[in-house]
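> Got a structure for you, written out below as structure tokens; questions coming shortly.
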Amino acid sequence: MFIEPGMPGKKGWIEMISGCMFSGKTEELIRRLKRAQIAGQKVEIFKPAMDGRYDENDIISHDASRIQSTPVANARNILLLASEADVVGIDEAQFFDADISGVVEELASFGKRMIIAGLDMDFTGKPFGPVPDLLAKAEYITKLHAICMQCGDIASYSFRKAKVGDQILIGEKDAYEPRCRYCFNKG
């Protein structure tokens, strides 16, 4: 059945979960998606194919919570794979191509609840990939914080310990740590 955007009874929206590394973004995404599954909603979950840190297919949080997902090479593939879903989850949005914003908007317009998690800033403290655009288009935004590994204050920044200049370096605690503004800026 084709659904016209804005058809009565089919209201979609976008929920964004953002923050720095180790703030619990993926854990919150998994929690929301599992609740939708418990409610009997059809849920489809996606992650970028390039991110195989813990598992090639599943999304796994730093605290080992997990949920089955489908890795995709580009954002347009999500349109094809999510057509029957009520709820669509996307992890690591910052690693997707620029099409992710349009894909998310299109699916929300067709009545899907979109739940997306992603880093809002890269290791230099600059907006990261398509996430700022997604934040601007979201009806609901949750900004999570970690704890600064230097001083114990609230952390909003992902400090890269590894001396690699590329914007994308998929890593864990070996490469990154959360920091507050002060500790991030002092290096």
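> Restricting attention to the stretch 80-111, report how many residues are farther than 20 Å from LEU135 by Cα and either among the hydrophobic types (A, V, I, L, M, F, W, C) or not in a loop (DSSP other than H, G, I, E, B) (or both).
Looking only at that region, the number is 4.
> Check whether at least one residue in the stretch 51-64 is buried (at least 18 other Cβ atoms within 10 Å of the Cβ), modelled with pLDDT of 85 or more and not in a loop (DSSP other than H, G, I, E, B), and report yes or no.
So far as the stretch 51-64 goes, no, none of its residues is buried (at least 18 other Cβ atoms within 10 Å of the Cβ), modelled with pLDDT of 85 or more and not in a loop (DSSP other than H, G, I, E, B).
> Pick out, from the stretch 112-187, the strands (runs of 3 or more DSSP E) lying fully within it that include 1 or more residues that are modelled with pLDDT of 95 or more, in contact with a strand residue (DSSP E or B) (Cβ under 6 Å, 6 or more places away or on another chain) and over 30 Å from LEU80 (Cα atoms).
140-144, 157-160, 176-179
The values are calculated or read from the model by the stated rules, or taken from the named source; none is laboratory data. Just so it is clear, the structure is predicted and the values come from calculations on it, not from any experiment. Neighbour counts are summed over all protein chains in view; Cβ atoms, including those assigned to glycine, are modelled from backbone coordinates with ideal geometry.
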